[in-house]
Amino acid sequence: MPRDFLKDAKDKYDVIVIGSGLAGLTSANILGRAGYDVLLIEQHYKLGGMATWFKRPKGHIFDISLHGFPYGMYKSCRRYWNQEIADRIVPLRGVLFDNPQFTLKTTYDRESFTELLQSKFGVSQATVQQFFDTARGMNFYDDQQRTTKELIEEFFPGRNDITRLLMEPITYANGSTLEDPAITYGIVFSNFMSKGVYTFQGGTDLMIGLMKDELERNGVDVRINCSADRINTENGKVKSVTVNGRDITCRSVVSNANLLTTIFKMVGEEQFDKDYVDDAKAVRVNNSSTQVYMALGPDDYLDRDTGDLLFTSTAESFETDLLLSRDITSRTFSLYYPDTRPHDERKRHLIVSSTNARWEDWANLDDEAYEASKQDLIEDTLDALEKYVPNARERVVYSEAATPRTFQHYTQHVQGASFGTKFEGLAVSRGLPTQISGLYHAGSVGIIMSGWLGAINYGVIVSNEVDQLLMP
Amino acid sequence: MTPAEIRAAVIDILETIAPDEDLSNLDDAKEFRDQMELDSMDFLDIVMELRKRYRVQVPEEDYENLVSMASTVSYLEPKMAETPAE
């Protein structure tokens with residue numbers, strides 16, 4: 001008989017949280033802490049969603065999305081998790097840009113960027129300050145017509161090099177492009193510029209482990225290998241969730257599954273107003289990614305000055321199409337030194353190369369072509385890495401590639417989307433409870449709610465609404 | 001609760017939300033944002049704490065009333081008049 005992953009689960013909960021990405025985890029934690037009876041289900045065998053890691057023989061542990069997030073994570077972890085988790089949030093100081101237009105190193109904060117824009121790019125201090133203030137003053141209810149391209153063009157006309165400096169890291173962080181609304185850029189860029197880029201010391205596995213401990217302290221019933229087959233409704237209200245074939249009653253559902261999966265697969269479009277369904281159908285999912293994971297040998301050593309995050313490109317200029325193209329010219333190398341996991345005596349150096357990618361470029365390859373494509377990706381990445389890690393090809397003792405298909409397989413996200421949806425997804429996500437009472441969505445949507453910090457904070461915003469609904 | 005008690009309750013919440021801030025010189029007439037580092041998540045926390053501690057509901061369209069201590073206290077006064085002081 002197959003193992004029952006719902007063994008001893010109750011027949012009724014106040015809230016069922018579907019999916020354990022950072023938004024789902026945080027939502028479950030807040031509602032559990034507030035005294036509600038919460039069931040958290042995850043279809044995969046590991047918690048964390050895209051905040052994940054994997055282990056390979058000989059002691060290699062690869063993180064998927066640990067580098068990096070804004071300082072706001074410290075406050076959010078302290079408030080919505082605990083001090084122990086918050087205390088492990090540490091800065092990454094070595095951010096490097098290397099492309100045909102410029103090469104520079106920065107701490108990636110306002111002070112460093114202000115200095116660089118003046119000294120290396122010849123912009124006046126007043127213009128820099130105005131740009132920063134404009135970006136910082138942006139709110140998500142502002143004008144949504146203006147694009148990021150128009151915003152940057154207004155302050156730095158004709159300066160493709162400055163566009164690249166301002167945009168490359170944000171594209172890496174949340175998949176946004178120059179064609180997305182300027183507000184999505186302003187909010188995320190300002191979050192980073194306030195104090196730079198941060199990471200979690202101890203690795204993603206430790207962070208998720210500490211979060212699981214906290215969830216259990218707060219009485220949340222956490223279940224892995226449990227899929228939400230259906231969200232059942234009655235008279236416009238949430239009634240139950242069918243989990244691994246079993247109906248579990250609840251008063252509210254927070255879905256941290258992909259927004260479109262939630263609406264069209266778990267609930268079914270016949271349960272919604274036509275206008276809402278039309279809006280939902282018009283939501284574009286964000287792009288996916290490819291990653292190459294590379295491990296150096298046990299006794300190999302990488303100079304700390306090589307940097308933590310390397311935004312590299314061989315493209316002459318910065319264009320959105322080039323960023324997504326199968327013919328890769330831009331790669332972000334994330335370098336993980338032994339202090340990523342100070343408790344690990346193996347002292348490994350690992351490198352993860354990330355590039356944004358399109359689902360359709362990978363979806364229809366047959367098995368043979370797919371494997372060959374993955375191998376090409378690894379080979380090209382090793383070639384590109386040589387410039388920053390001398391003799392990389394000989395030094396890398398283990399390598400592996402992930403594609404949009406890999407992300408789709410593990411997260412069940414439509415088209416392997418690794419950054420949720422484009423901007424319009426936010427309104428559809430927020431509108432869910434107006435369609436079905438008690439049903440909420442929390443997760444990467446609308447660009448501003450994506451990334452680790454965006455996901456956590458969106459989980460908080462939604463928990464507040466659930467609490468408001470359920471409060472006796 | 002009297003206005004003075006409501007003020008003390010809000011100070012108590014602010015101390016939990018922003019433990020690094022010195023609130024002894026808070027100017028009630030001035031906006032919180034101009035005196036301390038508060039972002040939109042912090043305002044949401046104030047709303048959540050008010051609900052948790054005093055069962056006061058602040059709907060989203062009323063968040064604008066929470067800009068300063070003076071406006072917060074006058075907004076909460078009718079809602080918390082019957083709330084027993086701790």
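The values are calculated or read from the model by the stated rules, or taken from the named source; none is laboratory data. Keep in mind the model is a prediction, meaning the values are calculated, not measured. As a convention, Cβ positions derive from the backbone with ideal geometry for all residues, glycine included, and neighbour counts pool all protein chains shown. Ligands, DNA and RNA are stripped out before the accessible areas are found, and what is left, the full protein with its side chains, is counted by its heavy atoms. Shrake-Rupley method; radii C 1.70, N 1.55, O 1.52, S 1.80 Å.
Any residue in segment A:237-245 that is among the hydrophobic types (A, V, I, L, M, F, W, C) and free of Cβ contacts under 8 Å to residues at least 40 places away in the same chain? Please lay out each step first, then the result.
Filtering segment A:237-245 for residues among the hydrophobic types (A, V, I, L, M, F, W, C) gives A:238, A:241, A:243.
From what's left, free of Cβ contacts under 8 Å to residues at least 40 places away in the same chain: none.
So far as segment A:237-245 goes, no, none of its residues is among the hydrophobic types (A, V, I, L, M, F, W, C) and free of Cβ contacts under 8 Å to residues at least 40 places away in the same chain.
Can you name every residue in segment A:261-284 that is open to solvent by less than 30 Å² (accessible area, probe 1.4 Å) and either outside any loop (DSSP other than H, G, I, E, B) or not small (Gly, Ala, Ser) (or both)? Explain how you work it out, then say what you get.
If we filter segment A:261-284 for residues that are open to solvent by less than 30 Å² (accessible area, probe 1.4 Å), which is where we start, we get A:261-263, A:266-268, A:272, A:276-277, A:280, A:283.
The answer is A:261, A:262, A:263, A:266, A:267, A:272, A:276, A:277, A:280, A:283.
Can you name every residue in segment A:301-347 that is of a type in the set (A, V, I, L, M) and free of Cβ contacts under 8 Å to residues at least 24 places away in the same chain? Spell out how you get there, then give the answer.
Filtering segment A:301-347 for residues of a type in the set (A, V, I, L, M) gives A:302, A:309-310, A:315, A:322-324, A:328, A:335.
A:322 - this is the single residue of segment A:301-347 that is of a type in the set (A, V, I, L, M) and free of Cβ contacts under 8 Å to residues at least 24 places away in the same chain.
Residues to consider are A:242, A:233, A:249; find the one that is modelled with pLDDT of 95 or more, in contact with a Ser or Thr (Cβ under 7 Å, 6 or more places away or on another chain) and either farther than 29 Å from residue A:358 by Cβ or not charged (D, E, K, R) (or both).
On the way: A:242 fails: in contact with a Ser or Thr (Cβ under 7 Å, 6 or more places away or on another chain); A:233 fails: in contact with a Ser or Thr (Cβ under 7 Å, 6 or more places away or on another chain).
Result of the check over A:242, A:233, A:249: A:249.
Just name the residue that is surrounded by the most Cβ atoms within 10 Å (Cβ to Cβ) out of those in segment A:285-300 that are of a type in the set (S, T, N, Q) and either assigned to a loop (DSSP other than H, G, I, E, B) or free of Cβ contacts under 8 Å to residues at least 24 places away in the same chain (or both). Walk me through how you get there before you give the answer.
If we filter segment A:285-300 for residues that are of a type in the set (S, T, N, Q), which is where we start, we get A:286-291.
Filter again for either assigned to a loop (DSSP other than H, G, I, E, B) or free of Cβ contacts under 8 Å to residues at least 24 places away in the same chain (or both), leaving A:286-287.
Details: A:286: 26, A:287: 22.
The selected residue is A:286.
Does residue A:393 fit the bill of being within 14 Å of another protein chain (Cβ to nearest Cβ), of a type in the set (D, E, K, R) and either over 23 Å from the mean Cα position of the chain (by Cα) or part of a helix (DSSP H, G or I) (or both)?
Taking the combined requirement at face value, the residue does not satisfy it.
Out of the residues in segment B:20-30 that are in contact with a helix residue (DSSP H, G or I) (Cβ under 9 Å, 6 or more places away or on another chain) and open to solvent by 30 Å² or more (accessible area, probe 1.4 Å), which is nearest to the other protein chains (Cβ to nearest Cβ)? Outline the logic, then answer.
First, the residues of segment B:20-30 that are in contact with a helix residue (DSSP H, G or I) (Cβ under 9 Å, 6 or more places away or on another chain): B:21, B:23, B:25-30.
Filter again for open to solvent by 30 Å² or more (accessible area, probe 1.4 Å), leaving B:21, B:25, B:27-30.
Working: B:21: 12, B:25: 22, B:27: 23, B:28: 24, B:29: 23, B:30: 19 Å.
That would be B:21.
Mind listing just one residue for me: the one in segment A:37-59 that is more than 22 Å from the chain's Cα centre (by Cα) and open to solvent by less than 30 Å² (accessible area, probe 1.4 Å) and, of those, nearest to residue A:226 (Cα to Cα)? Spell out how you get there, then give the answer.
So the first thing to find is which residues in segment A:37-59 are more than 22 Å from the chain's Cα centre (by Cα), and the list is A:37-39, A:56-59.
If we keep only those that are open to solvent by less than 30 Å² (accessible area, probe 1.4 Å) too, we end up with A:38-39, A:59.
Values: A:38: 15, A:39: 11, A:59: 29 Å.
The qualifying residue nearest to residue A:226 (Cα to Cα) is A:39.
For residue A:118, which of the numbered conditions (1) in contact (Cβ under 8 Å) with a residue 24 or more places away in the chain; (2) open to solvent by 40 Å² or more (accessible area, probe 1.4 Å) fails to hold?
Among (1) in contact (Cβ under 8 Å) with a residue 24 or more places away in the chain; (2) open to solvent by 40 Å² or more (accessible area, probe 1.4 Å), the lone unmet condition for residue A:118 is (1).
Which one is nearest to residue A:252 (Cα to Cα) among residues in segment A:10-36 that are open to solvent by 10 Å² or more (accessible area, probe 1.4 Å) and touching a Lys or Arg at 6+ places or on another chain (Cβ under 8 Å)?
This residue is A:14.
When you go through B:22, B:34 one by one, which is the residue that is out of contact with any Gly (no Cβ under 6 Å at 6 or more places or on another chain), among the acidic types (Asp, Glu), free of Cβ contacts under 8 Å to residues at least 12 places away in the same chain and assigned to a loop (DSSP other than H, G, I, E, B)?
Details: B:34 fails: assigned to a loop (DSSP other than H, G, I, E, B).
None of the other options fit; the residue is B:22.
Kindly check whether there is at least one residue in segment B:34-45 that is modelled with pLDDT of 95 or more, within 25 Å of residue A:460 (Cβ to Cβ), more than 14 Å from chain A (Cβ to nearest Cβ) and open to solvent by less than 60 Å² (accessible area, probe 1.4 Å). Don't jump to the end; show me each part of the working.
Residues of segment B:34-45 modelled with pLDDT of 95 or more: none.
No, segment B:34-45 contains no residue that is modelled with pLDDT of 95 or more, within 25 Å of residue A:460 (Cβ to Cβ), more than 14 Å from chain A (Cβ to nearest Cβ) and open to solvent by less than 60 Å² (accessible area, probe 1.4 Å).
Look through A:180, A:143, A:213, A:221 and report the one residue that is open to solvent by 30 Å² or more (accessible area, probe 1.4 Å), among the acidic types (Asp, Glu), in contact with a strand residue (DSSP E or B) (Cβ under 9 Å, 6 or more places away or on another chain) and under 30 Å from residue A:25 (Cα atoms).
Working: A:180 fails: open to solvent by 30 Å² or more (accessible area, probe 1.4 Å); A:143 fails: under 30 Å from residue A:25 (Cα atoms); A:213 fails: in contact with a strand residue (DSSP E or B) (Cβ under 9 Å, 6 or more places away or on another chain).
From the options A:180, A:143, A:213, A:221, the qualifying one is A:221.
For residues that are away from every other protein chain (no Cβ under 14 Å), of a type in the set (Asp, Glu) and touching a residue at least 24 places away in the same chain (Cβ under 8 Å), tally how many sit in segment B:46-85.
1
Within the set of pairs 6+ apart or on separate chains, which have a first residue in segment A:422-434 that is under 14 Å from residue A:258 (Cβ atoms) and in a helix (DSSP H, G or I), a second that is of a type in the set (Asp, Glu) and open to solvent by 10 Å² or more (accessible area, probe 1.4 Å), and C-beta atoms under 8 Å apart?
Listed by first residue and then by second, the contacts come to A:428/A:279.
Within segment A:70-102, how many residues are in contact with a Phe, Trp or Tyr (Cβ under 6 Å, 6 or more places away or on another chain), open to solvent by less than 30 Å² (accessible area, probe 1.4 Å) and more than 14 Å from every other protein chain (Cβ to nearest Cβ)?
3
Which of the residues belonging to segment A:429-472 are modelled with pLDDT of 95 or more, away from chain B (no Cβ under 14 Å) and open to solvent by less than 10 Å² (accessible area, probe 1.4 Å)?
Scanning segment A:429-472 gives A:429, A:432, A:436, A:438, A:439, A:441.
Scan segment A:399-413 and give yes if some residue there is open to solvent by 50 Å² or more (accessible area, probe 1.4 Å), closer than 19 Å to residue A:310 by Cα, part of a loop (DSSP other than H, G, I, E, B) and not basic (Lys, Arg), otherwise no.
no
Can you give me the number of residues within segment B:1-19 that are more than 14 Å from chain A (Cβ to nearest Cβ), in a helix (DSSP H, G or I) and surrounded by 13 or more Cβ atoms within 10 Å (Cβ to Cβ)?
Start the filter on segment B:1-19 by keeping residues that are more than 14 Å from chain A (Cβ to nearest Cβ), which leaves B:1-12.
Then keep just the ones that are in a helix (DSSP H, G or I); that gives B:3-12.
Next cut, surrounded by 13 or more Cβ atoms within 10 Å (Cβ to Cβ) only: B:3, B:5-12.
Result for segment B:1-19: 9.
On the basis of being more than 23 Å from the chain's Cα centre (by Cα), over 30 Å from residue A:114 (Cβ atoms), of a type in the set (Gly, Ala, Ser) and open to solvent by 30 Å² or more (accessible area, probe 1.4 Å), does residue A:245 make the cut? Reasoning before the result, please.
On the way: more than 23 Å from the chain's Cα centre (by Cα): yes; over 30 Å from residue A:114 (Cβ atoms): yes; of a type in the set (Gly, Ala, Ser): yes; open to solvent by 30 Å² or more (accessible area, probe 1.4 Å): yes.
Here the answer is yes, as residue A:245 does meet what is asked.
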